[in-house]
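First up is the structure itself, then whatever we jot down about it.
The values are calculated or read from the model by the stated rules, or taken from the named source; none is laboratory data. Because the structure is a prediction, the values reported are computed rather than measured. Don't worry about glycine lacking a Cβ; one is built from the backbone with ideal geometry, like all the others, and counts go over all protein chains shown.
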Amino acid sequence: MSRPAVRVLRLGAVPYAEALRLLAFPVLDLRRRRLPLRAYVAGLEALVLRLCRRLGLRAARALPPPFTGVWMGDSKLCAIGVHCGNHITSHGLALNCCTDLTWFDHIVPCGLEGKGVTSLSHELGQHVAVSHVLEPFLDSFQEVFDCTLVSSEDPGD
């Protein structure tokens, strides 16, 4: 059985020497993939959970619904926010890799009072750059969504 190819536009390297968060904004036609929106969001959570397992972390999905994201205890590791118009997705997820967590002391992250925010670096006790998790993240995406990612340097390809 062949797997569908999903074109990935790479606009260059990570824009900062040390990116702090892995941001992923997949643009997919859910109707074409026959994928309900809730299943798509669950898939985004599943791919981050798979990545965490590869790194030796026991993360969990948000409970109870309708909350989303990936959590380590009472602290959010990955925020998920998806927009869908005419079955086309936009927005996506933000995985804290080596984020300065003190920034979150000044806001109520995701509007959730009394909940914390964490990062891969904090949980693993070592610096984890986005570049360190990018390939396993892309591998997890392909596994969860049963597709092959194809890099495209030119948006006209």
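Inspect region 62-73 for any residue being among the aliphatic types (A, V, I, L, M), surrounded by 18 or more Cβ atoms within 10 Å (Cβ to Cβ), without any contact (Cβ under 8 Å) to a residue 60 or more places away in the chain and out of contact with any strand residue (DSSP E or B) (no Cβ under 7 Å at 6 or more places or on another chain) and give the result as yes or no. Within region 62-73, one or more residues are among the aliphatic types (A, V, I, L, M), surrounded by 18 or more Cβ atoms within 10 Å (Cβ to Cβ), without any contact (Cβ under 8 Å) to a residue 60 or more places away in the chain and out of contact with any strand residue (DSSP E or B) (no Cβ under 7 Å at 6 or more places or on another chain). Residues considered: V6, V27, V48. Of these, the only one that is in a strand (DSSP E or B) and either at pLDDT 95 or above or farther than 23 Å from A129 by Cβ (or both) is V6. Among the residues of region 85-108, those that are in contact (Cβ under 8 Å) with a residue 24 or more places away in the chain and surrounded by 15 or more Cβ atoms within 10 Å (Cβ to Cβ) comprise T89, H91, G92, L93, A94, L95, N96, C97, C98, T99.
Is it the case that G125 is surrounded by fewer than 10 Cβ atoms within 10 Å (Cβ to Cβ) and either more than 15 Å from G56 (Cβ to Cβ) or free of Cβ contacts under 8 Å to residues at least 24 places away in the same chain (or both)? Judged against the criteria, G125 is a match.
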